[in-house]
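The values are calculated or read from the model by the stated rules, or taken from the named source; none is laboratory data. Keep in mind the model is a prediction, meaning the values are calculated, not measured. Cβ: placed from backbone, ideal geometry, glycine included. Neighbour counts: every protein chain shown. For the accessible areas, the whole protein counts, side chains as well, though only heavy atoms, and no ligand, DNA or RNA atoms are used. Shrake-Rupley method; radii C 1.70, N 1.55, O 1.52, S 1.80 Å.
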Amino acid sequence: MAYGQTGSGKSYTMIGSQTEDTLLPEKVPHEGIIPRATRELFSLVSKTPRGSHDIELSVLEVYNNEVWDLLARDCEGAAGGVKRDVVSTNTGTSEVPSLMHERVQSAEEALRLIGHVLHLRARNSTLVHADSSRSHLVITLTVTSKGPDALDLAHRLQSTQQGWRSQRGRRGSSGRLPEAPTGIPCPSPCPRPSLTQAPLRTKLHLVDLAGSECVGMSGVTGIALRETSFINRSLSALSDVLGALSEQRPHIPYRNSKLTHFLQDCIGELSLGHL
C-alpha cells in the first residue's frame, strides 16, 4: 500500500507514468510497483508446469466509503463501474459478492485491462493537486494453484517479496511460512492425498491509497470537501487497525471502514503487508 499526503507521488510510485488507457512498457517510460509486481508474478508462474496455476484480476475503488467494481460491465458491454458491498464470511474473512474477476493469461493482458479502467477512478482538482485521486484503488491478483507445487509457489512468492514487503504476524525473520518438519510421521488419521492437493488460493493486493488532505491547504468545497472527509476518515480507520494489530489488542476494528473491511485478509495476522 502506498500511503502519504495528497500530491506526494503515491500513484506515480504504484502505477508509474501511465498514459490514459495503457500500462504497456513501450508507452510507460517509468513503471510503478503494480506493473513490476504483475510481471514478476507471471514470471514465477511461468517456471511451473503448464496449467498448474490460474490468475484472475479484479479492480475496485473505495469512494466515499462505497465499493465500486471497475471491471464490471453494463448491458452494452462497456466498463462503467458497479457499486458492490463488503460482507464477512462464516470463516471470519471478508469478500465482495459479485465482484468481477477476469482470468488473465499474461502480464500484458492484465496491465491492458488495468489501463483501460484507470480513467474510471474518481478524480478532482484541488489547490494542491490538479488531478487528485479521490478514491482508494485496489488491484488484486488471485492465484489458484493446483497440484503438489502449490505451497512451493506460495513460498517463492513470499521470498520474492522480502525486498519490498515487511513481515507481519507469527512468521520468522525470513518472512516465509514455517515449513513442515521432515521425517516425522503424521498424526492419525493422516490427511488424504486428495485433500493435501486441494487448490490453494493466494491473493496479492496492490493498493494506491487516496492522499490525506488538509482542507485549509487544498481549498476544497462542496463535493470535493465531502470526498476529503471520507478520505481522511478511512485513512484514520486504517491507522486504528494497524495500531490495534501492532499492540495485539483483542478487538481489531476492521468494520469501521469499507477499506479496512475489504483488506482484512491482507493486513491481518495471517498475511504479509508493506505500507
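General remarks:
- From Val62, Val104, residue being within 28 Å of Ile231 (Cβ to Cβ), modelled with pLDDT of 95 or more and among the β-branched types (Val, Ile, Thr): Val62
- Pair list, Cβ under 8 Å, 6 or more apart: region 248-262 residue without any contact (Cβ under 8 Å) to a residue 40 or more places away in the chain and crowded, with 19+ Cβ neighbours inside 10 Å, other residue in a loop (DSSP other than H, G, I, E, B) and not β-branched (Val, Ile, Thr): Ile252/Gly268; Thr260/Pro253
- Of all residues in region 53-72, those satisfying the criterion of being open to solvent by 10 Å² or more (accessible area, probe 1.4 Å) and closer than 20 Å to Gln105 by Cα are His53, Asp54, Glu56.
- Filtered residues of region 80-100 (kept if of a type in the set (S, T, N, Q) and assigned to a loop (DSSP other than H, G, I, E, B)): Thr89, Asn90, Thr91, Thr93, Ser98
- Considering region 10-24, the residues that are over 19 Å from Val138 (Cβ atoms) and open to solvent by 60 Å² or more (accessible area, probe 1.4 Å) include one that is modelled with the lowest pLDDT, namely Glu20.
- Residue in region 86-104 that is surrounded by the most Cβ atoms within 10 Å (Cβ to Cβ), counting only those that are among the hydrophobic types (A, V, I, L, M, F, W, C) and under 29 Å from Phe42 (Cβ atoms): Val86
- Region 236-267, subset hydroxyl-bearing (Ser, Thr, Tyr) and over 18 Å from the mean Cα position of the chain (by Cα), residue farthest from Leu204 (Cα to Cα): Ser236
- Exclusive hit being under 20 Å from the mean Cα position of the chain (by Cα), part of a helix (DSSP H, G or I) and of a type in the set (D, E, K, R), set Arg226, Arg233: Arg233
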